[in-house]
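The values are calculated or read from the model by the stated rules, or taken from the named source; none is laboratory data. Because the structure is predicted, anything quoted here is derived from the model rather than measured. Methodologically, a virtual Cβ is constructed for each residue, glycine included, from the backbone with ideal geometry; neighbour enumeration extends over all protein chains shown. Protein only, heavy atoms only, side chains kept; ligands, DNA and RNA dropped before computing areas. Shrake-Rupley method; radii C 1.70, N 1.55, O 1.52, S 1.80 Å.
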Amino acid sequence: MANLTPHLTDAEVERIQRALAGRRRPGSYEPGKWSVSPYNRDPDVLGLAFPPTYPESVTVRDITLRVIEQTPGVVLDQGQRLRLGQALLEAGVSNLEVSAHGWGISQDDLREQIHQLKSIQPELEIKMGATQSEEMVDFAADAGVTLAEFWLPSLPELTPIYWAEAYRAAWRGEDWRALGIPMSLAAELERACQLIARIRSHGLRASAGINLLTFVDDDHIRTYCDTVVEAGVSEIWLSDGSSGIAPEGWNHVIQLVRRHAPRQRLGIYTRNIFGMGMANAIACVRAGADVIEAAVNGVSCAAGQIDLAHLATTLKVLYGVETGIHLDRLTSLARLVEDISRVRLPDNHPVTGRNAHNWGGTEITTQELKVDPLIHWAYQPSLVGGTVDWIIDRTSGMWSLKDKLDRMGIQIPIADYQAVFDTILDEMGVRRRYLTDHEIGELALSVSAAAAAGTDGLPD
């Protein structure tokens, strides 16, 4: 093969690299890992609209085991649940939520799941949500969780819609109104104090939740927080089930809760109806939230919630916030959940999609790699268990094709490259897709061999 003159000389490459180094800052740039804007962590920039700094760390509570079977069409057996739990712990999850009994899992299966998780990681924090009754609290304690959470609507008049026993009573022909369901703030607070006392009597930590934050107001937050703090709650949990609060609203709510519950842990649950789940979560971290809930692949009903991979990678790479999640396990974890749930991610799903790190065929991005791999790739795909990749298509050029063949260890004469490229494009038109690396390699060798033999046409 004739020698090729590089597109850029060594001196030109060094000049670009020096210019890149001049714009990069420690933390925002980690050689071999990531390169992002220093504006992300600059207190002068961050202080314009929100608190000016991020915390050093935040807890990610994985809720995949609770929500995966809320995903339409997903039904797991106990073996799949146990394998999923093991994989979450292997990925560095130290805080997770399990389904409450009656939410699609039997008492025996739930006990077995909790026992297995704690046998692998004894210090694991396990939350059981929706412990809305004394019976549920007693079961949570018996099953071995460490945190029992209950929630009440931000608009007390909505409570009959969300009180499961009301439906069961009505089905039996009974008057559910005799159950004493709290439908005023005063009644909600009385009920909250009763549940906190019951939870604490078992030696568990209590989490008091406000759901449907779309309808909350300042007076409700202040009164609720003051009361549950006095009752001895360990965590205040906030949920926006309808995604009606934007980042600015979350910032306000978090700071208000912080003023009235300065020593309690603050957990949040955001959904993704508007595609704003991550933006809301990041706003909450900045405002002072301690625990952010996420699920692998964003699984759940409706539009789901934030993806564990998106949250952990964004916090670590963009903002320097530690989560304890092993980023290099994220892609394999995403594939496991795809296999178990049979819900496939879009190929361009951020971070863990099959094409998440594939910039297509354009020659510009492939040649960047020779200068610095962290220009269009903000982080090395290997950071999250992925790989750098590109395809050959109509936007590609000879250098991209050569790099592709070099990577496969295939060498052909420079004079054959145009014929190989044209053949690839023809095959793409016939097959209506781009070709795999294996197919490209076979075509290149065949076309080059045909040229050497003086024959025409595609190989047999």
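Hey, residue 138 hits all of (1) touching a residue at least 60 places away in the same chain (Cβ under 8 Å); (2) crowded, with 17+ Cβ neighbours inside 10 Å but one; which does it fall short on? Condition not satisfied by residue 138: (2). Which ones in the stretch 9-26 are open to solvent by 60 Å² or more (accessible area, probe 1.4 Å) and not in a helix (DSSP H, G or I)? 9, 25, 26 - these are the residues of the stretch 9-26 that are open to solvent by 60 Å² or more (accessible area, probe 1.4 Å) and not in a helix (DSSP H, G or I). Annotation note: Cβ proximity below 8 Å between a residue of the stretch 336-352 that is over 18 Å from residue 314 (Cβ atoms) and a residue that is open to solvent by 70 Å² or more (accessible area, probe 1.4 Å) and not aliphatic (A, V, I, L, M) (sequence gap 6+ or interchain) occurs for 336/83; 338/344; 340/83; 342/73; 343/73; 347/354. Taking the stretch 67-78 as the range and being within 10 Å of residue 340 (Cβ to Cβ) and surrounded by fewer than 20 Cβ atoms within 10 Å (Cβ to Cβ) as the test, the residues that pass are 74, 76, 77.
I'm checking my understanding of the structure. Among residues of the stretch 227-268 that are open to solvent by 40 Å² or more (accessible area, probe 1.4 Å) and of a type in the set (Asp, Glu), which one is modelled with the highest pLDDT? The residue in question is 230. Considering 365, 352, 331, 323, the condition of being in contact with a strand residue (DSSP E or B) (Cβ under 6 Å, 6 or more places away or on another chain) and open to solvent by less than 30 Å² (accessible area, probe 1.4 Å) is satisfied by 323 alone. Taken over the stretch 144-155, the criterion of being open to solvent by 10 Å² or more (accessible area, probe 1.4 Å) and either free of Cβ contacts under 8 Å to residues at least 40 places away in the same chain or in contact with a Phe, Trp or Tyr (Cβ under 6 Å, 6 or more places away or on another chain) (or both) is satisfied by 144, 155.
Does residue 59 satisfy the criteria of being at pLDDT below 90 and open to solvent by 20 Å² or more (accessible area, probe 1.4 Å)? In short, no. Just one of the listed residues (323, 313) is at pLDDT 95 or above and in contact with a Lys or Arg (Cβ under 7 Å, 6 or more places away or on another chain), namely 323.
Under 22 Å from residue 300 (Cα atoms), free of Cβ contacts under 8 Å to residues at least 60 places away in the same chain, of a type in the set (Val, Ile, Thr) and crowded, with 21+ Cβ neighbours inside 10 Å, is that true of residue 93? Reasoning before the result, please.
On the way: under 22 Å from residue 300 (Cα atoms): yes; free of Cβ contacts under 8 Å to residues at least 60 places away in the same chain: no; of a type in the set (Val, Ile, Thr): yes; crowded, with 21+ Cβ neighbours inside 10 Å: yes.
Answer is no for this residue.
Looking at the stretch 113-128, can you tell me whether even one residue there is touching a residue at least 24 places away in the same chain (Cβ under 8 Å) and in contact with a His (Cβ under 7 Å, 6 or more places away or on another chain)? Spell out the reasoning first.
Quick first cut of the stretch 113-128, residues touching a residue at least 24 places away in the same chain (Cβ under 8 Å) only: 113-118, 120-121, 123-128.
Keeping just the survivors that are in contact with a His (Cβ under 7 Å, 6 or more places away or on another chain) gives none.
For the stretch 113-128, residues touching a residue at least 24 places away in the same chain (Cβ under 8 Å) and in contact with a His (Cβ under 7 Å, 6 or more places away or on another chain): absent.
Here the condition is being open to solvent by 30 Å² or more (accessible area, probe 1.4 Å), over 30 Å from residue 20 (Cα atoms) and in contact with a Ser or Thr (Cβ under 7 Å, 6 or more places away or on another chain); of 347, 290, it holds for 290 alone.
Residues of the stretch 390-436 that are among the acidic types (Asp, Glu), open to solvent by less than 50 Å² (accessible area, probe 1.4 Å) and under 20 Å from residue 367 (Cα atoms): 393, 403. Remark: pairs (first residue in the stretch 68-84, without any contact (Cβ under 8 Å) to a residue 12 or more places away in the chain; second residue open to solvent by 50 Å² or more (accessible area, probe 1.4 Å); Cβ separation under 7 Å; 6+ apart in sequence or on different chains) = 75/69. Scanning the stretch 393-406 turns up one or more residues that are without any contact (Cβ under 8 Å) to a residue 40 or more places away in the chain, out of contact with any helix residue (DSSP H, G or I) (no Cβ under 8 Å at 6 or more places or on another chain) and under 27 Å from residue 347 (Cβ atoms).
Identify, please: which residue in the stretch 300-318 is open to solvent by 10 Å² or more (accessible area, probe 1.4 Å) and not hydroxyl-bearing (Ser, Thr, Tyr) and is, among those, nearest to residue 334 (Cα to Cα)? For the stretch 300-318, the residue satisfying everything is 310.
Scan the stretch 229-275 for residues that are in contact with a Gly (Cβ under 6 Å, 6 or more places away or on another chain) and of a type in the set (Asp, Glu) and jot them down. Hit for the stretch 229-275 is 235, nothing else.
Please enumerate the residues belonging to the stretch 269-282 that are on the phi < 0 side of the Ramachandran plot and open to solvent by 50 Å² or more (accessible area, probe 1.4 Å). Show your work before the answer.
Pass one, the stretch 269-282, residues on the phi < 0 side of the Ramachandran plot: 269-274, 276-282.
Hits for the stretch 269-282 are 273, 274, 276.
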